[in-house]
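*Asks:* Starting off with a structure, shown below.
The values are calculated or read from the model by the stated rules, or taken from the named source; none is laboratory data. Worth saying up front: this structure is predicted, and the values here are computed from it rather than measured. When we count neighbours, we look across all protein chains shown, and the Cβ atoms used for this are built from the backbone with ideal geometry, even at glycine.
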Amino acid sequence: MDFKSVVFYLFSAVLVFASLRVITARNPVRAVLYLVLAFVSGGGIWMLLEAEFLAITLVLVYVGAVMVLFLFVVMLLDINLDRLREGFWSYLPLGATVGALMALEMGVVIGGSYFDLFENRVPALVTDSNVKEIGRLIYTDYVYPFEVASVILLVGIVAAIALTGRQRRQTKAMDPARQVLVKASDRVRLVSMPSEKLEDSVPQAGE
């Protein structure tokens, strides 16, 4: 057994263990941390399969953004753990059925190559790296779908900001348009007041 196989089995064992701990851990914070470990192990397996783009995307997007957000949400929310465990056994048959179907589908797809169930289509070998090849395809053959997807994401971001960024009446915010039109003569007024004499303001002795 070579070193690559040893590393593959090591990452696979960590991935399976972390996946089981995600659904069996009682503390939701620990479950999220185990899910982060599962994603990192999956990224390592993708690197062994020479799929650098998928490995980097898995680590940066899911571990670096999504799971950190989930971790903060779980830590900030006051979650009643006893209430969450009440309906666990009632959903167990449905969850076991869905898991069995997923395992069956994966077995058919993976075992199809061994039993010649599908037509073998070997892709052409590329001399460049995986990331460079994907970048070339995105910005040449699939540039229009890529731009359409970026516009859709931009519209979604603007819509989310417009829906959540409501103006509050209690906030004391300045209107830049009105602030630019302000003149010094409208805000500052000079009042001419006569000066008072000192002997008039100081009381005399005997008064």
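*Asks:* Return only the number of the condition from (1) within 38 Å of the chain's Cα centre (by Cα); (2) modelled with pLDDT under 80 that PHE146 does not satisfy.
*Replies:* (2)
*Asks:* Follow-up. Please enumerate the residues belonging to segment 33-53 that are modelled with pLDDT under 85 and part of a helix (DSSP H, G or I).
*Replies:* GLU52, PHE53
*Asks:* From the list VAL63, VAL32, VAL59, VAL36, exactly one residue is crowded, with 18+ Cβ neighbours inside 10 Å and in contact with a Gly (Cβ under 6 Å, 6 or more places away or on another chain). Which is it?
*Replies:* The unique qualifying residue is VAL59.
*Asks:* Taking the conditions exactly as written (at pLDDT below 70 and either more than 28 Å from the chain's Cα centre (by Cα) or closer than 30 Å to VAL29 by Cβ (or both)), does TYR114 satisfy them or not?
*Replies:* yes
*Asks:* Yes or no: LEU125 at pLDDT below 80, closer than 24 Å to ALA51 by Cα and of a type in the set (A, V, I, L, M)?
*Replies:* Considered against the rule, which asks whether it is at pLDDT below 80, closer than 24 Å to ALA51 by Cα and of a type in the set (A, V, I, L, M), LEU125 comes out as yes.
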